[in-house]
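The values are calculated or read from the model by the stated rules, or taken from the named source; none is laboratory data. On a predicted model such as this, the values are computed, not experimentally measured, just so you know. Glycine also receives a Cβ, built like all others from the backbone with ideal geometry; neighbour counts cover every protein chain displayed. For the accessible areas, the whole protein counts, side chains as well, though only heavy atoms, and no ligand, DNA or RNA atoms are used. Shrake-Rupley method; radii C 1.70, N 1.55, O 1.52, S 1.80 Å.
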Number of protein chains: 2
Amino acid sequence: MKKRKTPLVEAVKRKTLSEEVIDHIIQLLIDGTLKPGDKLPSEVELSEMLSVSRPVLREAMSSLDSLGMIHRKTRGGTYFSKKIGSRPFSIMLALSAGDIVEIVESRMALELGLVTLAAENITAEELDTLSQTIEKMSVKQKGYTKYDREFHRIIALSGSRTIFEGMVDAILTAFDKTLSEIKEKEHETTLKHHRNIYQALKKRSPMEAFTHMYEHMNFVRHRILTAFHKNTGESE
Amino acid sequence: MKKRKTPLVEAVKRKTLSEEVIDHIIQLLIDGTLKPGDKLPSEVELSEMLSVSRPVLREAMSSLDSLGMIHRKTRGGTYFSKKIGSRPFSIMLALSAGDIVEIVESRMALELGLVTLAAENITAEELDTLSQTIEKMSVKQKGYTKYDREFHRIIALSGSRTIFEGMVDAILTAFDKTLSEIKEKEHETTLKHHRNIYQALKKRSPMEAFTHMYEHMNFVRHRILTAFHKNTGESE
DNA sequence: ATAAGTATATTTGTCATACAATAAAACCAA
DNA sequence: TTGGTTTTATTGTATGACAAATATACTTAT
């Protein structure tokens, strides 16, 4: 019989220096010492303050940069970001590369939550822009993907908080990349759904907005998964 | 009068080498060369393959590590992760440090979307664990936060896809940290809401699950924001 | 005095090298 | 085979030097 493979305690991997530096720097935000938009000390200053070498300090800064927490410019210095941006999420989504269900249902979860919040506070301008996307889409039988995406994007961003803003574009992009071929069908149904969602948002009704978005997303998901299974012969 | 400050083209900040390395490595996932769980070449091999110095290569690896895309062990090598984990999201949430509305509504958006998907596929085991949290909570008048959180966590994870899994714990933790003092009130109402949500999930009814979760979240949000404004005297 | 052009200096970006720390793998002995 | 020891591969940390970009200070010409 095999010996135990998993040790009793979870083998606490000691933190590296650069990880500790990351903690130390974000602590500046948490305790309010610095705020989004503020400038950080230079690399040499920081590395001296924290008693680490510059490479270690730079590994931490590179991490914070790729997380969208800071941005750096040669000679310009380093600043805390005000928004995260979409890049970190786009990278993360690579772990789900090619997994259609993952992408579709991630988008579903995201948009269902955000359309609800959007309905609570959507502005007149956003409503106006929304109706324009519907108009433009209605006069095109082909090549309307752009307006379709814009419709969803406006709603999602309207309901977004900082952490979700970057995620919206990342997921929409991943969606488009993964499903480039399947789209551009069911023009009328899509249009009808969009109009329903728009009316619910105009009424500032979260429940109705959710209901219609769920109907729409269910439709989109079903269409995609059906097309996918037809292509592959339902291997799983 | 001042000269124009913003150039016509958006000053495309040239990518650093470590950013290009990041792109190159995640491309291995996107084109399917490697999969989550697979081992990557060693740092020296990679730095030779990509013709960059080891520090630059390490900055990229550090970034991917902090994004939860890889994990590294001395002598053990580097592997693509299967899950993202909560750490990157916890760091990102530091940008919203102290902003109660941000935290509360981020959690709202997240849970509203996920409870809907959870209702579609929740397992019997998850339902059972859920009902246990309700039971345990019902017999405690104080110190039930643990079971409250567990209830929400099970649901959110049940509806989660890879990208959201880490986010759940990150947001729940941020929520608890930000609102440590305000909680532990309205025991009966909370319990009632949880039971409603549970019943809807048991029925596998996404619409009802959403409805009851929205009611619950609205209740929680209102309670928190009211308590907050009372404390601060609505300065903004 | 103002504007434009130039030089300077600061900050991030990259490289090469060396050694430390960890732990997997190979080896050896009972 | 088992258990302990040695070796070795891999990541972790440090130092130093130079390159590239650009904000700032300075100089010059109009």
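Name every residue in the stretch A:154-169 that is more than 10 Å from chain B (Cβ to nearest Cβ) and closer than 17 Å to residue B:174 by Cβ, in order of residue number.
Narrowing the stretch A:154-169 to residues more than 10 Å from chain B (Cβ to nearest Cβ): A:154-155, A:157-158, A:165, A:168-169.
The one that is more than 10 Å from chain B (Cβ to nearest Cβ) and closer than 17 Å to residue B:174 by Cβ: A:165.
Quick check on the stretch B:62-70. Is at least one of its residues of a type outside the set (D, E, K, R), more than 9 Å from chain A (Cβ to nearest Cβ) and either surrounded by fewer than 12 Cβ atoms within 10 Å (Cβ to Cβ) or in contact with a strand residue (DSSP E or B) (Cβ under 7 Å, 6 or more places away or on another chain) (or both)? Scanning the stretch B:62-70, I find at least one residue that is of a type outside the set (D, E, K, R), more than 9 Å from chain A (Cβ to nearest Cβ) and either surrounded by fewer than 12 Cβ atoms within 10 Å (Cβ to Cβ) or in contact with a strand residue (DSSP E or B) (Cβ under 7 Å, 6 or more places away or on another chain) (or both), so the answer is yes.
None of B:154, B:224, B:163 is within 27 Å of residue A:208 (Cβ to Cβ) and either open to solvent by less than 50 Å² (accessible area, probe 1.4 Å) or in a helix (DSSP H, G or I) (or both) except B:224.
Entry remark, the stretch B:166-188: residues being open to solvent by less than 40 Å² (accessible area, probe 1.4 Å) and either more than 23 Å from the chain's Cα centre (by Cα) or without any contact (Cβ under 8 Å) to a residue 24 or more places away in the chain (or both) number 1 in total.
Residue check: is residue B:59 at the interface with another protein chain (Cβ under 8 Å from one of its Cβ atoms), open to solvent by less than 50 Å² (accessible area, probe 1.4 Å) and near DNA strand C (Cβ under 10 Å from one of its atoms)? Explain how you work it out, then say what you get.
Values: at the interface with another protein chain (Cβ under 8 Å from one of its Cβ atoms): yes; open to solvent by less than 50 Å² (accessible area, probe 1.4 Å): yes; near DNA strand C (Cβ under 10 Å from one of its atoms): yes.
Criteria met by residue B:59.
Within the stretch B:65-82, the set of residues being within 11 Å of DNA strand D (Cβ to nearest atom) and either farther than 15 Å from residue B:18 by Cα or touching a residue at least 24 places away in the same chain (Cβ under 8 Å) (or both) comprises B:70, B:71, B:72, B:73, B:74, B:75, B:76, B:77, B:78, B:79.
Taken as a whole, the structure places residue A:74 among residues that are open to solvent by 20 Å² or more (accessible area, probe 1.4 Å) and either within 16 Å of DNA strand C (Cβ to nearest atom) or among the aromatic types (Phe, Trp, Tyr) (or both). Filtered by the rule that a residue be out of contact with any helix residue (DSSP H, G or I) (no Cβ under 6 Å at 6 or more places or on another chain) and either polar (S, T, N, Q) or more than 7 Å from DNA strand D (Cβ to nearest atom) (or both), the stretch B:51-63 gives B:51, B:53. Quick check on residue A:191: is it closer than 29 Å to residue A:92 by Cβ and touching a residue at least 24 places away in the same chain (Cβ under 8 Å)? So residue A:191 does not fit the description; no.
Farther than 24 Å from residue B:167 by Cβ, within 11 Å of chain B (Cβ to nearest Cβ) and open to solvent by 40 Å² or more (accessible area, probe 1.4 Å): does that describe residue A:87? Steps first, answer last, please.
Details: farther than 24 Å from residue B:167 by Cβ: no; within 11 Å of chain B (Cβ to nearest Cβ): yes; open to solvent by 40 Å² or more (accessible area, probe 1.4 Å): yes.
Here the answer is no, as residue A:87 does not meet what is asked.
Are any residues in the stretch A:157-167 out of contact with any Phe, Trp or Tyr (no Cβ under 9 Å at 6 or more places or on another chain) and under 20 Å from residue B:87 (Cα atoms), and if so, which ones?
A:161, A:162, A:164, A:165
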